[in-house]
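Engineer: I'd like to ask some things about the structure below.
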Amino acid sequence: MVMDMYVRLSQMHEGETGIVVDIHGGPGARQKLMGMGITPGTRIMVIKSGRPGPYIIAIGNMRLALGRGIAEKILIRRGA
Amino acid sequence: MGSFTQGLKVIALAGNPNVGKTTIFNALTGLRQHVGNWPGVTVEKKEGIMEYKGEEFLVVDLPGTYSLTAHAVDELVARNFILEGNADVIVDVVDASCLMRNLFLTMEILEMGVKNVVIALNKIDIAKKKGARFDIKKMEKVLGIPVIPTNAKSGQGLDELRRVIKAAAEGKIVGNPISPVYDEPIEREIEHVSKVLEGTPLVEKYNVRWLAIKLLTRDQEVIKLILRYLGQTKMDEILQHISEVEEYYKRSLDIVIANQKYEFIDKLMHQFVTHFGEVRETLSDQLDKILTHPVYGIISLLAVFYALFKFVFTLGTPIQEWLGGVFDALGSSIAPHIGDEMLRGLIVDGMIGGVGAVLSFFPLVFLLFIAMAILEDSGYMARAATVMERIMRKFGLPGKSFIPMVLAFGCNVPAVMATRTLDNERDRILTMLINPLVPCSARMVVITFLAGAFFSAHQALVAVGIYAISILLALLSALFLGKFLIKGEESPFVIELPDYLVPAWKSVIIHSWERSKEFLRKAGTVILAGAIAIWYLSNYPAPIGGGLSYAEKLGEAVEPFTKLMGLDWRAAVSLIFGIIAKENVIATYGIIYGVGESEVALATLMKNAMTPLQAFVLGLVTTLYLPCIATIGAIRAEGGNKWAAVAVIYNLALSSIVGILVYNIGLLLGL
């Protein structure tokens, strides 16, 4: 199923990669993420999943730490 | 920076956080700089003079931001500075090792229609190590502006940067910058909005395309601005039109535009930089997993902060005491030479004492800033913020606000100054308001004396109890003030984990020195005025001790109120003197009872006059009431008069309520 390919960032595991498909949440949070380089089309890799503690993702050479709340608002197409 | 900067050409530094912007600023200006705040906000403003080939330029360091939206004060400050055309040249400091994201801000700047932009392509050494190859000539051609590769830490490229800045400021280099192009539906809408705006006076002051693009993203500030010229009907029409485009993309246009901007940047980058290698886990990632872990991370955090605390207070306190001694000695050596008694008191006790008090905080504040700059520069600060996030967030605070809270156990003054490193204005103000509730070492003196004198069997328990109550109140106050007093949304938690780096030492020291000078300038006046006022109250019309001084009169006047918490005029007077420095509360009792500094005698006398319950309330109220004047001065320096006043009123109200409650509940329990 196509739907299986889409997950929230918060559901991803360490070492998995994917492409950002959409960002939910208010304009403040959304625009902050976009300024930091997370926008639809961005390729990410999960360095550390949030259980326990924060999520760490890699975008190119950059590393971002995110809380669970915001990780739930980022929709990813898995495995791309 | 004063009138001598007038007429100088203005160079603005823009860029993302963690790109080495401060290091470049320090390298360009050296010691000729000034740290302050942007008007009306708690955002740090740094200015300095750059000299090149006999000519001087004013360099303004804009806040480090990822974009230029209206959602954060820092971004608005940077954006308005550029928008108002205050800069003759904008130097955009770009991290070469993280080019894509950095060019996003570059595009936001270029989109504003400014021409005189110069890129400092910093950390070029790190980017090369990571495998990137740049064609600088091509990059300049593609972007239409000068690009100078730099390594701010080693100084490489900075001379060339100075040369290009000068040439650009003199109009010898004029850029022809590229600006992002969007999909057809977006471009059509930009054109549509631009046409409407072209009939307004906005054209004279702003770039119409930029206004149109920002309107499409529903930027609140731009909507407000345009509304003034177009009126509600016309605006509704445009917004309706925008909704239709959003319908087409099935998304808000801010996402669509950001997305297309990145795609645009990606296409450009292909022309001048070879791709970075594949993403893979590095040693630094392994370290991050430990340092942000809820258990190991907190253990490492405690170790780091123990070291920081030790560094600041073990090194700073002896210097502080030595400076205090120097001023005491200076006072006593000058005293015999002043005949007039009033003048002598004013100079020796009021002024020299006051200046001594101000200066004695300088070493602590300076060392604190050095420690903070090392934490920031090394990259550890971001990890500390990450690991504390979950705990602090429960009280509506970001993880980083843990740092000022810990420092407060030593002294609230450097702790309040440390709020400067928080990223968001709401968080900065909230953290500085609750900071005085964390007991500093001066209050520990009072708490342990009272606990020892009145509760010898349970001294530790009582002392810990007072600490626990005040920390709990600080956290609850954060929740309360965050909900009702301070506007602004809680920032969502996302933070960049920058590469671990060895700090640029020279930059660390220059930066800390300038920040500490700012403390002296701003907090100094409050501390000095406070010292003189207290000296006057305690010496006129007759010295304290005989019941005639204004201080004692004031104590008697407020006694009806303090009686509600079981405290007499002696306590009231002591608390007044505690405003100078909290350890004065006990010293003042000594003066009133005429036993000087003999703690044993004082303990006996106080025990005869007070019940243990009253002593407990005194300890608690001493901890919670007005911050000492140095702390008030620090809050004023960081947050301005308004928040200093709020801190004073809030602490006074809170301590009164808690004091009255605890005393009366205690009475009911038969204590």
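Engineer: For peptide B:97-103, how many partner chain Cβ atoms fall within 10 Å of a residue's Cβ, on average?
Structural biologist: Per-residue shielding by partner chains comes out at 4.
Engineer: Continuing with the same structure: Treating cross-link reach as a plain straight distance, find the aspartates and glutamates whose alpha-carbon is under 16 Å from the alpha-carbon of residue B:166, omitting any fewer than eight places away in the same chain.
Structural biologist: Here the aspartates and glutamates satisfying the reach criterion relative to residue B:166 are B:51, B:55, B:56, B:88, B:92.
Engineer: Determine the alpha carbon to alpha carbon distance for each of B:130/B:250; B:45/B:138; B:9/B:261; A:32/B:46; B:21/B:267 and list only those over 29 Å.
Structural biologist: B:130/B:250; B:45/B:138; B:9/B:261
Engineer: Determine the sum of side-chain charges near residue B:511: Lys and Arg each +1, Asp and Glu each -1, restricted to other residues whose C-beta is under 12 angstrom from that of residue B:511.
Structural biologist: 0
Engineer: Now for a different question. Give me the angle, in degrees from 0 to 90, between the Cα long axis of helix B:505-539 and the longest principal axis of the Cα atoms of chain B, rounded to the nearest 10.
Structural biologist: That works out to roughly 40 degrees.
Engineer: So what are the radius of gyration and Dmax for the Cα set of region A:2-78, in Å?
Structural biologist: Calculated on Cα positions, Rg and Dmax stand at 11.1, 30 Å.
Engineer: Among B:627-640, B:372-385, B:254-267, what's the highest-first ranking by average C-beta atoms within 10 angstrom per residue?
Structural biologist: Those peptides, ordered most packed to least, come out B:627-640, B:372-385, B:254-267.
Engineer: What does the average come to when, for each residue of peptide A:37-43, you count the partner chain Cβ atoms lying within 10 Å of its Cβ?
Structural biologist: Counting Cβ atoms of other protein chains within 10 Å of each residue's Cβ and averaging gives 6.
Engineer: Right, next: Of the peptides B:571-583, B:449-461, how do they stack up when ordered by the mean number of other Cβ atoms within 10 Å, highest first?
Structural biologist: B:571-583, B:449-461
Engineer: Same structure, new question: Report the extension gain between residue B:456 and residue B:642 in nm, rounded to one decimal, defined as 0.36 nm multiplied by the number of residues separating them, less their alpha carbon distance.
Structural biologist: 62.7 nm
Engineer: Please arrange A:43, B:218, B:79 by how many other C-beta atoms lie within 10 Å of their C-beta, fewest to most.
Structural biologist: Values: A:43 13, B:218 17, B:79 25.
Ranked by crowding around the Cβ, least crowded first: A:43, B:218, B:79.
Engineer: Ignore the peptide's own chain and count Cβ atoms of other chains within 10 Å of each Cβ in A:63-73; give me the average, rounded.
Structural biologist: Numbers: counts 13, 6, 14, 6, 9, 3, 5, 3, 2, 0, 1.
The per-residue average across the peptide is 6.
Engineer: Tell me which of B:174, B:248, B:212 sits at the most positive position along the dipole axis of region B:168-300, charges placed on C-beta atoms (Lys, Arg +1; Asp, Glu -1).
Structural biologist: B:174
Engineer: If I take the Cα coordinates of region B:3-169 and project them onto the principal axes, what are the three extents in Å, biggest first?
Structural biologist: 46, 41, 26
Engineer: Right, next: Dipole magnitude of region A:1-76 about its Cα centre, charges +1 at Lys/Arg Cβ and -1 at Asp/Glu Cβ only, in debye to the nearest 20?
Structural biologist: Dipole of region A:1-76, to the nearest 20 debye: 260 debye.
Engineer: When only alpha-carbon atoms count, how far does the protein assembly as shown stretch along each of its three principal axes, as whole angstroms with the largest first?
Structural biologist: Extents along the principal axes: 86, 67, 57 Å.
Engineer: For chain B, compute Rh as the Kirkwood radius over C-alpha pairs and then the Stokes-Einstein diffusion coefficient at 20 °C and 1.002 mPa s; write the answer in µm²/s, rounded to an integer.
Structural biologist: 77 µm²/s
Engineer: So for B:434, B:347, fewest C-beta neighbours within 10 Å to most, what's the order?
Structural biologist: Starting with the residue having the fewest Cβ neighbours, the order is B:347, B:434.
Engineer: Going toward the positive end of the dipole of chain B, with +1 on Lys and Arg Cβ and -1 on Asp and Glu Cβ, which of B:342, B:117, B:324 do you reach last?
Structural biologist: Selected residue: B:324.
Engineer: Let me ask another. Would you list which lysines come within 16 Å of residue B:128, measuring only between C-alpha atoms, while excluding same-chain residues fewer than 8 positions from it?
Structural biologist: B:153
Engineer: Please express the Cα-Cα pair-distance distribution P(r) of region B:184-272 as a list of whole percents, one per 5 Å bin, running from 0 to the bin with the greatest distance.
Structural biologist: It works out to 3, 13, 24, 24, 16, 11, 5, 3, 1, 0, in whole percents.
Engineer: Restricting attention to the alpha-carbon atoms of region B:263-361, what are Rg (one decimal) and Dmax (integer), both in Å?
Structural biologist: 28.5, 81
Engineer: Which percentage, to the nearest 5, of the DSSP beta bridges contained in chain B is antiparallel?
Structural biologist: Here the antiparallel bridges make up roughly 40 percent for chain B.
Engineer: Moving to a separate point now. By the scheme Lys and Arg +1, Asp and Glu -1, what is the net charge of all other residues having a beta-carbon under 14 Å from that of residue B:335?
Structural biologist: Cβ neighbours under 14 Å give a net charge of -3.
Engineer: Answer with one residue from B:148, B:134, B:52: the one whose Cα lies farthest towards the positive end of the charge dipole of region B:3-169, charges on Cβ with Lys, Arg +1 and Asp, Glu -1.
Structural biologist: Of the listed residues, the answer is B:134.
Engineer: Here's a follow-up. ³J(HN,Hα) across region B:236-247 via Karplus (A = 6.51, B = -1.76, C = 1.60, θ = phi - 60°), whole Hz, x for Gly/Pro?
Structural biologist: Values per residue, Gly and Pro as x: 4, 4, 4, 5, 4, 4, 4, 4, 5, 5, 4, 4 Hz.
Engineer: With +1 on each Lys and Arg Cβ and -1 on each Asp and Glu Cβ, how big is the dipole of the protein assembly as shown about its Cα centre, in debye rounded to the nearest 20?
Structural biologist: Taking the Cα centre of the protein assembly as shown as origin, the dipole is about 840 debye.
Engineer: Helix B:99-110 against the longest principal axis of chain B: what's the angle in degrees, Cα atoms only, rounded to the nearest 10?
Structural biologist: 80 degrees
Engineer: Pairing the Cα long axis of helix B:353-378 with the longest principal axis of chain B, what angle in degrees results, from 0 to 90 and rounded to the nearest 10?
Structural biologist: The answer is roughly 40 degrees.
Engineer: Quick check for me: using +1 on Lys/Arg Cβ and -1 on Asp/Glu Cβ, what's the dipole size of region B:70-157 about its Cα centre, in debye to the nearest 20?
Structural biologist: The calculated dipole for region B:70-157 is roughly 620 debye.
Engineer: Right, next: Using the beta-carbon distance between residue B:195 and residue B:653 and R0 = 56 Å, what value does 1/(1 + (r/R0)^6) give for FRET efficiency, to the nearest 0.05?
Structural biologist: Taking R0 as 56 Å, the efficiency between residue B:195 and residue B:653 is 0.50.
Read the figures in this text as sums done on the coordinates, not as results from a lab. Quick caveat, the model's predicted, so the values are computed rather than measured. Positions of Cβ are generated from backbone atoms using ideal geometry, with glycine treated the same way; all protein chains shown enter the neighbour counts.
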